[in-house]
């Protein structure tokens with residue numbers, strides 16, 4: 001009756017460790033993304049603060065220009081003298097018309113000096129005469145005696161005249177033929193600055209100046225942060241200007257600002273309708289007005305959030321795939337292996353069961369137990385076997401397999417390091433090419449089923465290695481290949497070409513700004529010659545053999561494949577014969593040539609004058 005096998009404790013520990021590692025990676029990734037998100041918000045808060053400072057200065061500059069314009073014209077002695085004269089007789093007399101024209105010319109003069117934006121400047125004299133300078137504002141029909149009387153009757157205007165204030169702001173404001181209104185009405189909104197005009201000596205009241213600045217101008221002056229709602233508020237929290245079309249700002253928000261800052265600049269996080277916002281606040285000096293910038297946090301962090309979602313999805317897919325691989329390994333590898341080991345443990349060799357040689361059969365098997373059982377069996381067979389020659393052949397085959405299939409962990413580590421830093425610097429652009437090149441190397445290195453490859457595949461491996469190396473060397477290495485179509489499928493020893501090219505790059509092109517390598521394959525009938533030439537520094541002939549031995553003995557582990565040049569030469573002579581292998585020529589300052597000679601697949605002789613040795 002066949003025994004049922006359970007997963008042993010070592011395998012359970014491995015699976016548990018994998019799960020713990022995956023969870024740890026997710027937690028670390030989540031922490032890293034949250035940290036990055038907070039740093040991004042902090043950075044963008046500083047940028048928003050710069051936007052706010054710039055807009056605050058712009059509004060302050062506009063208000064200062066309006067004050068200067070009003071003060072200069074209101075204190076002008078010529079304007080004061082004209083306002084002091086009461087007209088007599090017909091309002092449309094030539095004298096009165098001349099007086100109005102002189103005042104309006106003076107107002108236009110000051111407007112051109114102090115202001116670059118569209119506005120409307122009105123003076124109402126104590127005799128209700130209207131002096132008006134309109135700049136692109138189609139409201140000339142508003143200004144007459146009815147307008148002057150309408151303004152005088154309004155309560156806010158009387159309160160201003162009765163107060164001790166010289167000037168005052170009123171925004172938002174609108175006006176029509178009946179006068180100026182502080183509250184918002186249909187039509188264009190204005191920022192209104194009012195100033196009393198008095199005689200310089202007698203302080204007699206001569207009239208009132210009104211500077212009307214269209215709020216529409218602020219659209220071209222204030223620059224909001226991308227995706228943000230920008231609001232200019234008066235001292236009562238009423239919006240003067242806003243680009244907010246979604247109604248994010250309301251009176252409750254102004255109350256929250258007043259409670260938090262009490263007239264100081266600052267920022268805080270605000271939640272509304274399930275969305276989080278970053279709200280920045282700045283006070284306009286000398287006015288009681290304030291600027292509010294309100295931007296959704298999702299707008300700031302959308303790039304990080306998108307990347308986090310993508311990576312999380314990829315991680316989950318990897319986890320599911322890894323789980324599927326583990327289950328498949330258990331079903332198709334571990335379970336059959338247990339059955340095999342159970343059968344092996346019952347094999348009788350030389351009158352003894354294999355299980356009796358080791359620790360005995362177990363009910364629970366894993367990879368470690370499989371290795372132990374097989375080792376016991378092999379040891380026992382080797383002790384009984386007298387075939388020394390067969391043993392040497394097995395050892396030689398295993399040694400060749402190990403030399404061919406090794407993959408240097410230092411190279412993998414350095415390559416993955418380059419991939420990591422390249423991803424961080426470039427935002428993960430073009431990393432796919434580098435990973436694809438590494439995949440070519442891994443695919444060819446891990447293929448242990450064949451001892452030979454085609455010349456085309458070997459050149460493909462070299463190109464992949466050079467492409468990876470160029471990421472670290474900033475594309476310093478260029479490779480040129482000349483291979484006839486007939487030699488594409490020519491069989492060669494696997495990994496004979498890459499160590500030669502690697503040796504040329506590492507030892508011949510250390511100080512070269514641009515390294516070039518030429519690979520040329522030629523068919524001479526009974527021989528095929530592959531020439532590898534570089535434009536490196538070259539070496540002296542008397543030092544060549546010593547350097548080759550040192551490279552093989554001391555630096556073999558630094559090659560991607562772990563195979564040195566001497567090892568390649570020995571393997572070729574062992575496989576093909578003493579007349580085949582490597583021949584190297586080098587001259588100091590003129591680079592190095594390496595000739596690799598293979599037996600040809602067609603009959604014939606080597607042509608005279610060629611470089612084949």
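Give all pairs with beta carbons closer than 6 Å in which a residue from region 133-157 that is in the same structural domain as residue 174 (by TED's automatic domain parsing) meets a residue that is at pLDDT below 60; count only pairs at least 6 apart in sequence or on separate chains.
Close Cβ pairs (under 6 Å, with a partner that is at pLDDT below 60) amount to 156/182.
Under the condition of being without any contact (Cβ under 8 Å) to a residue 40 or more places away in the chain and farther than 28 Å from residue 279 by Cβ, which residue from region 34-80 is surrounded by the most Cβ atoms within 10 Å (Cβ to Cβ)?
76
What number of residues within region 490-514 are free of Cβ contacts under 8 Å to residues at least 40 places away in the same chain and in contact with a helix residue (DSSP H, G or I) (Cβ under 7 Å, 6 or more places away or on another chain)?
2
Looking at (1) out of contact with any helix residue (DSSP H, G or I) (no Cβ under 7 Å at 6 or more places or on another chain); (2) at pLDDT 75 or above, find the lone condition where residue 255 falls short.
In the conditions (1) out of contact with any helix residue (DSSP H, G or I) (no Cβ under 7 Å at 6 or more places or on another chain); (2) at pLDDT 75 or above, residue 255 misses (2) alone.
Considering each of 110, 175, 142 in turn, give the residue that is in contact with a helix residue (DSSP H, G or I) (Cβ under 8 Å, 6 or more places away or on another chain), crowded, with 20+ Cβ neighbours inside 10 Å and either modelled with pLDDT of 80 or more or farther than 20 Å from residue 240 by Cβ (or both).
None of the others qualify; the one that does is 110.
Given the options 418, 440, 466, 461, name the one that is assigned to a helix (DSSP H, G or I), surrounded by 16 or more Cβ atoms within 10 Å (Cβ to Cβ) and modelled with pLDDT under 70. Let's see the steps before the verdict.
Values: 418 fails: modelled with pLDDT under 70; 466 fails: modelled with pLDDT under 70; 461 fails: modelled with pLDDT under 70.
Answer to the check: 440.
With respect to residue 127, determine if the residue is closer than 22 Å to residue 198 by Cβ, assigned by TED's automatic domain parsing to the domain that holds residue 169, surrounded by fewer than 16 Cβ atoms within 10 Å (Cβ to Cβ) and modelled with pLDDT under 80. Talk me through it step by step, then tell me what you get.
Numbers: closer than 22 Å to residue 198 by Cβ: yes; assigned by TED's automatic domain parsing to the domain that holds residue 169: yes; surrounded by fewer than 16 Cβ atoms within 10 Å (Cβ to Cβ): yes; modelled with pLDDT under 80: yes.
The answer is yes for residue 127.
The values are calculated or read from the model by the stated rules, or taken from the named source; none is laboratory data. Computed from a prediction, not measured in an experiment: that's the story for all the values here. All Cβ positions, even for glycine, are placed from backbone atoms using ideal geometry, and neighbour counts span all protein chains on display.
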